[in-house]
Structures are given as structure tokens and as C-alpha cells.
Amino acid sequence: MKSGIAFLSGGKDSVLSMHLAHNQGVKITGIMTMIPEDQESMLYHTHNINLVKTIAEVTGLNWIPISASKDREIEALTEALSKQRSEYLITGGIESNFQKKKFDNACKETGMEHYAPIWGITHENLYQKILENKLDVIIVSVAALGLGEEWLGRHLDKKSIEELLGLAKKYRFNAVGEGGDLDTLVLDGPLYANKLEPIESKRIWYGDRGKLEIPELRIIEK
């Protein structure tokens, strides 16, 4: 059995990719999260990133947080990967060639293989896999015309996904959030021994975009 490190932001794409890799026989040996100094990083997610620690706890996996200064984002990743013994780095990339090339190169330098299970997937198929794998996903940030404050904290079920896909076509934003149009957080899934819920949350709205700040998650027995 091959082994892999799951590169997690806590959002739907990275968590789904971890689940798919597991289902395909990859042994998940840990969860790695990059915590960038640059809050506008083009390579890594930043919103609610510290919550991944609790996701690691409910999945029973070791959490590997890596700090990255603004001018050493890819070097920090390469150095972190060089200390791992897993064969794969599992990421949730879908469309960004910029990000994929960075991860490809970092893996090549360290003798690992970059595995992106949902690379190139259609938006409709991505959401179908989220429903099939029973991930409990909420939206935690929006930054696109057509997505108002009411979407913050909303769960992605069949009804809301259909609405989201319709709005994406109407307003021409990226329905899966590539480029920052929306971000998500996964509160439950098949690999979670227990489910999660925000202890408290705060909506912050800037007029045409906003985010849901979640300081801490509560672990709830299934």
C-alpha cells in the first residue's frame, strides 16, 4: 500500500481529495497545512487555516503545520516535504496551473509524487462527488457578484448546490471557488470519527464580499 500526506486547507477540495485517495487505497499518514505570512498568498489558503488542527484531531492524523514567509513560500513547502517518508503529496487542485506546477516541482525535488485526484474535474461532477461522499460543507467566504452575505455559513446540499451553479452561470463566477470566488470548510465526512461545528462565528461583510470568522470548532460525537 502506498502512503500519502494530505495537503489540507480544511476546504471541500482538499478534504474530498484526501477521502478519494483513501478510497483508492492510499494510506494517509498525516495532514500538512501551510500557514503563510502573506494573507493574500496566491499559492496557499489563509482563511480559518488554524481550524485544520481540529480536523486532524477527528481524523486521528498527525497535523504538520508549516510557517511560510512571503518570500519563501515554495521553499518552505520543499523543506517540509523533504522530511516526510510518504510517496504522495495529495492536493485538492482543480484548475490552477500555477499552483499545480509549484507542487509538481516541490515533489520532484523531494522524490515524491504529486497526486491531485480531482484535477480537471467539472464543477458539476465535483459537487456530485461531495454529495456522494457525504461531506458536510459550509461556505466561509464569498467574493463574487451574485453571492451575498446570506451565503456565509450556508451548507452545501443538493438544493444550495443547484442554486450556486445557476448563479455562477448567470454572473459568470467560478462555481467551485477557484481564484477566491468562494471558500469552504468541511465539518464532517467519512474519515471524521466525530463531526465538527463552530463554537461561535462572526460574519464580516465589506459591501460586495465577506467572510465567516470561526475562532474554534466543537467536536460532537456521531
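Scanning the stretch 127-170 for residues that are in contact (Cβ under 8 Å) with a residue 60 or more places away in the chain and more than 17 Å from GLY11 (Cβ to Cβ) yields a total of 2. Taken over the stretch 159-186, residues that are closer than 29 Å to ALA56 by Cβ and either in a loop (DSSP other than H, G, I, E, B) or basic (Lys, Arg) (or both) amount to 8.
Return yes or no: is LEU61 buried (at least 17 other Cβ atoms within 10 Å of the Cβ), closer than 23 Å to GLY153 by Cα and among the hydrophobic types (A, V, I, L, M, F, W, C)? So LEU61 fails the test.
At least 1 residues being polar (S, T, N, Q) and under 30 Å from GLU216 (Cβ atoms) is the threshold, and among the strands (runs of 3 or more DSSP E) wholly inside the stretch 44-119 those reaching it are 63-68. Pairs linking a residue in the stretch 73-95 that is crowded, with 19+ Cβ neighbours inside 10 Å to a residue that is assigned to a helix (DSSP H, G or I) and of a type in the set (D, E, K, R), with Cβ atoms under 7 Å and 6 or more positions apart or on different chains, are GLY92/ASP13; GLY93/LYS100; ILE94/ASP13. One residue stands out in the stretch 19-36 among those that are farther than 29 Å from ARG72 by Cβ and under 14 Å from the mean Cα position of the chain (by Cα): the one that is surrounded by the fewest Cβ atoms within 10 Å (Cβ to Cβ), namely LEU20. Answer yes or no as to whether GLU40 is assigned to a loop (DSSP other than H, G, I, E, B), in contact (Cβ under 8 Å) with a residue 40 or more places away in the chain, surrounded by fewer than 20 Cβ atoms within 10 Å (Cβ to Cβ) and of a type in the set (Asp, Glu). The answer is no for GLU40. Checking the structure you have, find out if any residue of the stretch 27-34 is within 20 Å of LEU196 (Cα to Cα) and part of a helix (DSSP H, G or I). No, that holds for no residue. Being surrounded by fewer than 20 Cβ atoms within 10 Å (Cβ to Cβ) and at pLDDT 95 or above holds for only one residue in TYR206, TYR192, and it is TYR206.
The values are calculated or read from the model by the stated rules, or taken from the named source; none is laboratory data. Please read these numbers as outputs of a predicted model, since none were measured by experiment. A quick note on method: Cβ atoms are made from the backbone with ideal geometry, for glycine too, and the neighbour counts reach across all protein chains shown.
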